[in-house]
Amino acid sequence: MPLTVVKYGTPVLRQKGAQIQSITPAIKKLAADMLETTYSYKGIGLAAQQVGLALQLTVIDVRGVTDRPSSLELNGQPADVSKFMPLVLINPEVKPVGQPVTGPEGCLSFPEMYADITRPDVVDVRALNLECKPIEFRCGGLLARVVQHETDHLNGILFIDRMDKKTKEELRDELENLMAETKAALKR
């Protein structure tokens, strides 16, 4: 069942997610609902905070993006990204290993807002999957960008926090309007 994506100005977006201690049926359902929500919003990633829950859970699926390549290594060997999707990461830890690269990002909690953000182009990831099994992989390109963007969400960090000053200034009116709309909706 698709969930509602909360917008900028909703307090939960600034909360660090609680570690998930066990994979319950409720967590599995949440992950499935989050994937359905991602697809219904035509997104490629979604963090629990974006559906109003401060948990260390994110879902990712980059298969629909053909103009921005992703790379994946499992046990040091290249792997097919599409066979690894959709990806559910629980309690993820991300370690940058690549060079900083600037690229476009958007966010479902900031509708129709995009900006160039600088992030490492390759990261190592450790997390649990929905079977409570540890997974480790190295990823690059778009997948690395999405993993970092979603992991930021899990720690209460938003992509506007990574924007350069000039970009944030250019978006200031839009950001203020979105914040005001969100706060007004929360009061209702």
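Read-outs: derived from the displayed coordinates by stated rules, not from any lab. Quick caveat: nothing in here was measured; it's all calculated off a predicted structure. Glycine gets a Cβ as well: all are built from the backbone with ideal geometry, and neighbour counts include every protein chain shown.
Numerical summary
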| quantity | calculated |
| --- | --- |
| Simple label model, 7 Å out from Cα along Cβ direction - Ile157 to Met1, nm | 3.4 |
| Listed pairs Lys166/Lys187; Lys16/Lys187; Lys42/Lys133; Lys7/Lys166; Lys29/Lys168; Lys28/Lys183 exceeding 26 Å between Cα atoms | Lys166/Lys187; Lys42/Lys133; Lys29/Lys168; Lys28/Lys183 |
| Inter-site label distance for Arg68 and Val12 at 7 Å from Cα along Cβ, in nm | 2.5 |
| Size of electric dipole in the range 11-187: Cβ of Lys, Arg +1 and of Asp, Glu -1, about Cα centre, debye, nearest 20 | 420 |
| Global form of the chain, assessed from the alpha-carbon gyration tensor, a/c cut-off 1.5 | oblate |
| Paramagnetic reach from Asp116 (point 7 Å along Cα→Cβ, amide N under 19 Å) across the range 144-188 | 145-146, 149, 159-172 |
| DSSP-defined beta bridges in the chain - what % are antiparallel, rounded to 5 | 95 |
| Trypsin sites (Lys or Arg not before Pro) within the range 1-86: DSSP coil, no more than 15 neighbouring Cβ in 10 Å | Lys42, Arg63 |
| Whole-Å distance, taken between Cα centres, linking the range 144-188 and the range 3-22 | 13 |
